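Enquirer: The structure that follows is given in the form of structure tokens.
Computed from the coordinates by the stated procedures, all read-outs in this text should not be read as laboratory data. Just so it is clear, the structure is predicted and the values come from calculations on it, not from any experiment. Using ideal geometry, Cβ is built from the backbone for each residue, glycine included, and neighbour counts are taken over all protein chains shown.
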Amino acid sequence: MKHLLSAADLDAATATLVLDTAAEMASLAGREVKKLPTLRGRTVVNLFYEDSTRTRISFEAAAKRLSADVINFSAKGSSVSKGESLKDTALTLQAMGADAVVIRHPASGAPHRLATWVEGSVLNAGDGTHEHPTQALLDAYTMRSRLGRLAGLKVAVVGDVLHSRVARSNVALLATLGAKVTLVGPPTLIPVDLRTEVCYDLDSVLSDTDVVMMLRVQRERMNDSYFPSEREYARRYGLDGPRMRKLPEHAIVMHPGPMNRGMEIAPEVADSARSTIVEQVANGVSVRMAVLYLLLGGKS
Ligand code: CP
């Protein structure tokens, strides 16, 4: 594997190798091994054309824990504002010695284009409404570590699926790993091209679900004409305390962040013992270490 562009590209053996490697990374961190020499002398560039807190910082932390040099590039404040293209930006970064480029871009497919221009590895950190493969890997890792397995798990992915690259990557990866995904949301926010079960009634799925993955309502990618009012959305599709109490005792609540507290998820739920939201962030570092290690480790 040279690049990580899409969760749909991962077969079960490769995805499981990433999760097992992430578990080893987490175990080392738990034993106070804070830094590994594996990527000493290698350069990882974080190329972010869209805002990010979790993904950018955890890729940076992951690369540094593997002893790589990290260059953070944000489109804001760069020559992108003077009209420089993605290709010219990429070639500039390559000339500076990038071994891997982690890219977030508003255009679906941008990481795939980048991979044709640069010699190093390309890692998709979220492209438009298309994919966010490391988020799906860290979500799968979190489910497996909380519930002990992925095969046979019933996962409800709830909310604004239409604009969610997290949902697309999760649908692909969870199917590969044997989980059963149901998309839940208003008909206007469920895409027609995702081949998995669909339900428009959140209350009807809760009692038979192992994982509820709430999605952020992405108003910035939306035409307001087809979004119900925030109050109506929260009433029909928000996960509040009474709905959470309909879940089986073992079930967990996930959210990739950032959250709209009070809209898709109530604070009482986000901060509850069932919530894995903070754990997902911590697991993201181990998973991104695993991905960087598997893509770059051993090469000189
Ligand atoms: N989950 C996620 O991608 O969060 P950020 O936008 O903060 O990176």
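Enquirer: Residue by residue through segment 97-102, what is 3J(HN,Hα) from phi via Karplus (6.51 cos²θ - 1.76 cosθ + 1.60, θ = phi - 60°)? Round to whole Hz and write x for glycine and proline.
Expert: Couplings: x, 6, 8, 8, 10, 9 Hz.
Enquirer: Oh, and also: Quick one: what are the phi-derived ³J(HN,Hα) couplings along segment 14-26, Karplus 6.51/-1.76/1.60 with θ = phi - 60°, whole Hz, x for glycine and proline?
Expert: Rounded to whole hertz, the list is 5, 4, 5, 4, 4, 5, 5, 5, 4, 5, 5, 4, 5.
Enquirer: Based on the mean of other Cβ atoms within 10 Å per residue, sort peptides 43-50, 275-282 so the most packed one is first.
Expert: Details: 43-50: 23.0, 275-282: 17.6.
Result, highest mean Cβ count within 10 Å first: 43-50, 275-282.
Enquirer: How long are the semi-axes of the equivalent ellipsoid of segment 111-246, taking √(5λ) for every eigenvalue λ of the Cα gyration tensor, in whole Å from largest down? Before the final figure, lay out each step's value.
Expert: Working: eigenvalues 137, 86, 27 Å².
They are 26, 21, 12 Å, listed from largest to smallest.
Enquirer: Please list, in chain and number order, the residues 5+ apart from Val102 or on another chain whose amide H is under 5 Å from its amide H, with Hs placed from the backbone.
Expert: Val45, Asn46, Leu47, Leu123
Enquirer: When the scattering of the chain is computed by the Debye formula from its Cα atoms alone, each counted once and equally, what is log10 I(q)/I(0) at q = 0.11 Å⁻¹?
Expert: Ignoring solvent entirely, the Cα scatterers give -0.65.
Enquirer: For segment 1-55, take the alpha-carbon Rg, divide it by the Kirkwood Rh, and send me Rg/Rh. Display every interim value, and only then the final one.
Expert: Details: Rg = 14.3 Å, Rh = 14.1 Å.
Reported Rg/Rh, Kirkwood definition of Rh: 1.01.
Enquirer: Pick out, from Val33, Ser78, Val44, the residue whose Cα sits farthest towards the positive end of the charge dipole of segment 23-81, with +1 on the Cβ of Lys and Arg and -1 on the Cβ of Asp and Glu.
Expert: Working it through, the farthest residue towards the positive pole turns out to be Val33.
Enquirer: Another question, if that's okay. How big is segment 85-168 in terms of Cα radius of gyration and Dmax, in angstroms?
Expert: Values for segment 85-168 (Cα only, Rg and Dmax): 15.9, 47 Å.
Enquirer: Can you sort Arg146, Arg236 from fewest to most other Cβ atoms within 10 Å of each residue's own Cβ? Walk me through the numbers on the way to the answer.
Expert: On the way: Arg146 17, Arg236 14.
In order of increasing Cβ crowding within 10 Å: Arg236, Arg146.
Enquirer: Can you flag which of Lys35/Lys246; Lys2/Lys64; Lys34/Lys87; Lys2/Lys76 are past 32 Å Cα-Cα? It would help to have the intermediate numbers written out before the result.
Expert: Working: Lys35/Lys246 43 Å; Lys2/Lys64 20 Å; Lys34/Lys87 36 Å; Lys2/Lys76 28 Å.
Flagged as over cut-off: Lys35/Lys246; Lys34/Lys87.
Enquirer: Taking segment 18-167 as the region of interest, what is the percent of Cα-Cα pairs per 10 angstrom bin, listed from the shortest bin to the one with the maximum distance?
Expert: For segment 18-167, the binned pair fractions read 10, 35, 34, 18, 3, 0 percent.
Enquirer: Further, regarding this structure: Output ³J(HN,Hα) for segment 65-79: one whole-Hz value per residue in order, computed from phi by the Karplus curve 6.51 cos²θ - 1.76 cosθ + 1.60 with θ = phi - 60°, and x for Gly and Pro.
Expert: 5, 9, 6, 6, 7, 10, 10, 9, 10, 10, 4, 5, x, 10, 6
Enquirer: Moving to a separate point now. What are the extents of the Cα atoms of segment 90-139 along their three principal axes, listed from largest to smallest and rounded to whole Å?
Expert: Principal-axis extents of the Cα atoms in segment 90-139, largest first: 33, 21, 13 Å.
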